Amino acid sequence: MTVRNGLMRVLLQEDLNFLVTNRLPRRLLSRFMGWFSGVEQPLVSKPSIALWRFFADVDMSDAANSNYRSLRDAFTRSLLPDARPIAADADLLVSPCDAIVGAHGVIEDGRAYQVKGSPYTLSELAGVDAEGFESGRFVTLRLTAGMYHRFHAPHDLVVESVNYISGDTWNVNPIALKRVERLFCRNERAVVRARLSPDGPVILIVAVAAILVAGIRFHFLDVPALLRGGGPRRVPVGMPVPRGAEMGWFEHGSTIIVFAPERVDFAETVESGRELRVGEPLFRLADDAGATGEA
């Protein structure tokens, strides 16, 4: 662990980290990672998995299995049943993923923040009008490389559509977020629009890709190739997804941003820098939040 900690201290120096992760051919590296992580030759996959576990400090104790054909299989591992209990309170929207809480707050004038003092507009990020989300809430959830990479429904949902937006693959770590304005709006992303009931208020779940993210997958899209393969587009869905059910996965760590309407408030668990797991409280619905709403 001493060797690992020393190497990580060097790599986390701000200038060096930004240089290594953002001054390289990002999209080329991401495409290479997509190919490399799928290699099933044991002479490649086993050392790759070992290095990933060493540098990312991965906890595999709750994984459903311990044998992986490729690095991608390890990245996208499933978990043992009940490894992520879902908060039972029906008035809660829970965390859709294991993540570190980043910027969060109130949506004002259609704006959210990637870090303090660095705003972006909801319309620019998600390609939707901010109407219906004004005075609502947003929370940024950053998945690190060693975390569980699948994401789940934060409530009983009816998924209406997925809007895929092409973009870059900047690193989304705190160092890059401080240096690159509107970074989330520059990166490749998929915007899931869903209602809390067939006639309830709308929430947005925005999956933002980053460097080395070889793909974003959704169970409710019958798309064998990666979303980016079809180019920018809006895909209608119209499918119910029960609370806690798996929605999809990243093929590496990245970020999910959740936008909720005005009739919610943050759970006490939402603090910048705090690590959340799937199923832990994220928002609490107001008494009328399940009523019909437009957004």
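Annotations for the structure displayed:
- Within the range 184-215, the set of residues being touching a Gly at 6+ places or on another chain (Cβ under 7 Å) and in a strand (DSSP E or B) comprises N187, R189, V191, V202.
- Residues of the range 194-217 satisfying the condition of being touching a strand residue (DSSP E or B) at 6+ places or on another chain (Cβ under 6 Å), more than 30 Å from R26 (Cα to Cα) and open to solvent by 10 Å² or more (accessible area, probe 1.4 Å): R195, P198
- As a summary of the residue check, F259 satisfies the conditions (1) crowded, with 23+ Cβ neighbours inside 10 Å; (2) of a type outside the set (D, E, K, R); (3) under 13 Å from the mean Cα position of the chain (by Cα); (4) within 28 Å of G38 (Cβ to Cβ) except for the one numbered (4).
- The listed residues are A126, A74, A63, and the only one of them that is open to solvent by less than 60 Å² (accessible area, probe 1.4 Å) and in contact (Cβ under 8 Å) with a residue 60 or more places away in the chain turns out to be A126.
- Residue pairs meeting the criteria (Cβ under 7 Å; at least 6 apart or on separate chains; first over 16 Å from H152 (Cβ atoms) and acidic (D, E), in the range 237-261; second in a loop (DSSP other than H, G, I, E, B) and open to solvent by 10 Å² or more (accessible area, probe 1.4 Å)): E251/T76
- Of all residues in the range 231-252, those that are surrounded by 22 or more Cβ atoms within 10 Å (Cβ to Cβ) and part of a loop (DSSP other than H, G, I, E, B) total 2.
- Failed item in (1) at pLDDT 85 or above; (2) closer than 23 Å to G273 by Cα, with L43 passing the rest: (2)
- Restricting Y148, Y120 to those that are open to solvent by less than 20 Å² (accessible area, probe 1.4 Å), in contact with a strand residue (DSSP E or B) (Cβ under 7 Å, 6 or more places away or on another chain), hydroxyl-bearing (S, T, Y) and part of a loop (DSSP other than H, G, I, E, B) reduces the list to Y148.
The values are calculated or read from the model by the stated rules, or taken from the named source; none is laboratory data. Just so it is clear, the model here is predicted, and its values are computed rather than measured. Cβ: placed from backbone, ideal geometry, glycine included. Neighbour counts: every protein chain shown. Please note that ligands, DNA and RNA were not included when accessible areas were found on the heavy atoms of the full protein model with its side chains. Shrake-Rupley method; radii C 1.70, N 1.55, O 1.52, S 1.80 Å.
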